[in-house]
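For reference, the structure is listed below as C-alpha cells.
The values are calculated or read from the model by the stated rules, or taken from the named source; none is laboratory data. Quick caveat, the model's predicted, so the values are computed rather than measured. Backbone-built Cβ (ideal geometry, glycine too); neighbour counts: all protein chains shown. Each accessible area value is taken on the protein alone, full model and side chains, heavy atoms only, with ligands, DNA and RNA left out. Shrake-Rupley method; radii C 1.70, N 1.55, O 1.52, S 1.80 Å.
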Amino acid sequence: MDDAQLTQMIRQGGIPRERANRRLQDKFFYLIRQVGVRQQRLSYEDALSAFSDALTELDAKICQGEPIEDLGKMLYTLTHRRGVDIIRKRTTKSGTDPLNHPTAQAELAEWFLDIIQNTDSEHVFSRLSNSEMEEERSVRHKRISACVLHALEQLPRKRRSLLVNKLDGYDYEELTQIHGFKTERVAHEMVSRGMNSLRETLKTLCQQEVPVCRELCAWLNRKNQL
Amino acid sequence: MEHPQHELIDQYLEGSLSPEARAAFEARLAAEPELAQALRLHEAARAAVEMQSFLDRRDALQTRGLKKLRWQKWQWKTRDVLEQLFVRRRTDGSGRLRIGLITGVSLATIALIVLLVRPELFMGSFNGGTKPRAVPKEQAIATFNQYYQRVALPTTLGGAEFDSLYRITREQYRQVDCTNTLYNLQFLLADSTFADRPLALLLQGTCLIDQDKPVEARISLEQIPPAATLVHKEAQWYIALSYLLDEQMDEATARLRKIAVDSRQPHQAEARAILKMDQ
C-alpha cells in the first residue's frame, strides 16, 4: 500500500482511516528505536509516546488537506519534534495556570492545540486571540480546550463515543452496527441528542461561571454577530 | 428530531449549503444575535468532539503501540547486544562487522551442538582414533581360524619337582597332543605346590579351545590371576577368541575392544585388525 492510498484512506474517514493509521504505525514502528531511542536517548516508552503523537499529528495534517509527498519523511520529522518536546518538558519547569482544569486533559501539548486551531474548531480559538502575546494565547487555548473537554466529560461514555465516531467520518450505517442501534434513523437521532446535550452542558457551565470556561463563555455570550 | 436551526447550522459549518442559502443564512446571522450565539455554541461543541476524537485516536495508537512494543522491545534489545558484540563502531557512527569473532562464535556454537547431539564423534578420538566396529557374526569362525594360534612355549620353562611330568606335558602340547596334555595337566593343577600354575591353566584353556570346548576353556582361562601379568594378558586374548568360536559377538567385540586399547597387550595389533580400527 503506497502513500497515496494511505492518504486517501485517512481522508475517507471511518474504518479506512483507522486501518490506514494502524498500517502506518506498523510500517514505521522502527522510528521508535531509530529516532527516539538511538538518536534522542529516550526510553522505549517515551519514544513510543513521541511516535504516537507524531502519528496523530500526521493524521490531522492529512485530514486538513495538507499535501504530504512522503509520509515516512514527515513521520520521521514529527517523531523527532515530539521527542524534542519530551526532552524539553523534562528539562524545563512549566508555569501552572491557576485557572486550568484540574484533569490531565488540561495539560494539552502545544502541538495538539496547533492542530485544533487548523481544524473546523479554529473559530473557537482564533477569534478569541487576535492581538495577544504568544504565551498568553497558549494559556487561553489550554483553558478553552479544558473547558470544552470538561463539558464533553459530563456526557455518558457511550454518547461521547458516538459523537466522536460521527465526527471521525463513520456513516450512520456503520454507527448503527458499532453501537447496536436498531435502525440508522435511531443512530441519527442519538447523534442529534448527543450534540444537544453537549450544547446544554456548555450553557450550564457558563451559567455556573466555572473559572476555566470564562473566556469561552464570554465569547459565546457576546451580543455581536461573529 | 433535530431542531431545524441546528440542522441548518450543521450544513453551514460543513459547507454543504448552496451559495444562495449560505448568503441568506449569513444575512440572518447579522440580523439575529440569538442565531449567531447558537452558531458559536455549536462550534464550541464541535471543537470539544474534535478534540476528544484526536485524544481518543492518540490513546488508541498508544495502547496498540504498547502491546506491540512489549515484544518488539526485547527483539531490539537483543539486536543491540549482538551489535555491541559483533559490530566495531567507528567515531563517525558507521560500523564494521567483527568477522573473526562471528566466525569463532559460530564454529564454537556448531561444535557445541554437535557435541550435544553426537558426542561419540568427539569421544572416538580419545579412544585411539577410529571408532571400533563390531565383528559380523558370519565372519566369526573365519576370523577365529585366521587369528587363532596355540601358545608358543619356550623350551626351558618348568618347575623342579614336577620337571619330568611338566616337561612331558609341554612336549605333548608342542606336538598338538591335547588329549594327553589335558590328562597330565589334571594331576599338575591338582597339586597345590605346583609353581607354574598360570601357564598350565593357559595350556589347558587353549587345548580345550582346540577340542572345540570354548565354555570349558573360558573356565580355565578365567582362573589365571592378574598378578601373572603376561600370562593373564595372553588369557584375555584367548577368551576373546573363544567367544568368537562360540559366535557370542557382543561379548567377543567387548573383549577385543579392551585388548585394542591396551598398549601393553601383545595382541593389540590383531585385536585392532579384527575390529578394523586402523582402516
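With a 1.4 Å probe and all protein chains left in place, how much of the accessible area of segment B:51-106 comes from carbon and sulfur atoms, in whole percent? Let's see the in-between values first.
Working: 2300 of 3900 Å².
C and S atoms contribute 59 percent here.
List, in the order given, every pair from A:LYS73/B:LYS67; A:LYS158/B:LYS73; B:LYS233/B:LYS276; A:LYS142/B:LYS67 whose Cα-Cα distance in the structure shown is over 29 Å.
On the way: A:LYS73/B:LYS67 25 Å; A:LYS158/B:LYS73 34 Å; B:LYS233/B:LYS276 21 Å; A:LYS142/B:LYS67 31 Å.
Over 29 Å Cα-Cα: A:LYS158/B:LYS73; A:LYS142/B:LYS67.
Before we go on, tell me the buried accessible area for the A/B pair, both chains summed, 1.4 Å probe, in Å² to the nearest 100. Present the calculation step by step, with values, prior to reporting the outcome.
Numbers: alone 14240 and 18660 Å², together 27890 Å².
That pair of chains buries around 5000 Å² in total.
Taking chain B as the reference, fit the longest principal axis to its C-alpha atoms, fit the long axis of helix B:4-14 to the helix C-alpha atoms, and give the angle between the two in degrees, 0 to 90, nearest 10.
60
Apply the Karplus parameterisation 6.51 cos²θ - 1.76 cosθ + 1.60, with θ equal to phi minus 60°, to every residue of segment B:73-81 and state each ³J(HN,Hα) to the nearest whole Hz, in sequence, with x for glycine and proline.
Coupling constants for segment B:73-81: 4, 5, 4, 5, 5, 4, 4, 4, 5 Hz.
Quick one: which residues, 5+ away or cross-chain, put their amide H under 5 Å from the amide H of B:VAL87? H built at 1.01 Å from N.
Under 5 Å from the amide H of B:VAL87: B:ARG98.
Which of the listed residues, B:LEU35, B:ALA48, B:THR63, is farthest toward the dipole's positive end in segment B:27-70, when Lys, Arg count +1 and Asp, Glu count -1 at the beta-carbon?
Of the options given, the answer is B:THR63.
I need the phi-derived Karplus couplings for segment B:34-49: 6.51 cos²θ - 1.76 cosθ + 1.60, θ = phi - 60°, integer Hz, Gly and Pro marked x.
After applying 6.51 cos²θ - 1.76 cosθ + 1.60, I find 5, 5, 4, 5, 4, 5, 4, 4, 5, 4, 5, 5, 5, 4, 4, 5 Hz.
Considering only protein heavy atoms, with the full assembly of protein chains and a 1.4 angstrom probe, order B:TYR147, B:TYR183 by accessible area, largest first. Please list the in-between numbers first.
Numbers: B:TYR147 50, B:TYR183 125 Å².
In descending accessible area the options line up as B:TYR183, B:TYR147.
Keeping the other protein chains in place, figure out the carbon and sulfur percent of the accessible area of segment A:1-56, with a 1.4 Å probe. Each step should come with its number before you reach the end.
Values: 1060 of 2450 Å².
Its accessible area is 43 percent carbon and sulfur atoms.
Which sequence of B:TYR243, A:TYR30 reflects their accessible areas, 1.4 Å probe, from the largest down? Intermediate values should be presented prior to the final figure.
Values: B:TYR243 25, A:TYR30 105 Å².
If we order B:TYR243, A:TYR30 from most to least accessible, we get A:TYR30, B:TYR243.
Starting from the residue with the highest accessible area, list B:TYR173, A:TYR172 in decreasing order, probe 1.4 Å.
Numbers: B:TYR173 0, A:TYR172 60 Å².
Largest to smallest exposure gives the sequence A:TYR172, B:TYR173.
Cβ under 12 Å from A:ARG160's Cβ, A:ARG160 left aside: what net charge do those residues give with Lys, Arg +1 and Asp, Glu -1?
Numbers: positive: A:ARG157, A:LYS158, A:ARG159, A:LYS166; negative: A:GLU153, B:ASP56.
Around A:ARG160, the surrounding residues sum to +2.
Before I look further, what does segment A:1-92 give for accessible area per residue, probe 1.4 Å, in whole square angstrom?
Details: 4520 Å² over 92 residues.
For segment A:1-92, the per-residue accessible area is 49 Å².
What residue among A:SER49, A:GLN8, A:GLN34 has its Cα farthest toward the positive end of the dipole of segment A:1-74, where the charges are +1 on Lys, Arg and -1 on Asp, Glu, each on the Cβ?
Going by the charge dipole, the pick is A:GLN34.
Taking the Cα atoms only, what angle lies between the long axis of helix B:99-117 and the longest principal axis of chain B, rounded to 10 degrees?
With rounding to tens, the tilt is 60 degrees.
If you fit an axis through the alpha-carbon atoms of helix B:229-246 and take the longest principal axis of the Cα set of chain B, what angle between them do you get, 0 to 90°, nearest 10?
On a 0 to 90 degree scale, this one is about 70.
Can you send over the solvent-accessible area of B:ARG272, 1.4 Å probe, protein chains only, in Å² to the nearest 10?
Its heavy atoms expose roughly 40 Å² to the probe.
What residues have an amide H closer than 5 Å to that of A:LEU42, excluding those fewer than 5 places away on the same chain, when H is modeled at 1.01 Å from N in the peptide plane?
Here A:VAL37 satisfy the definition.
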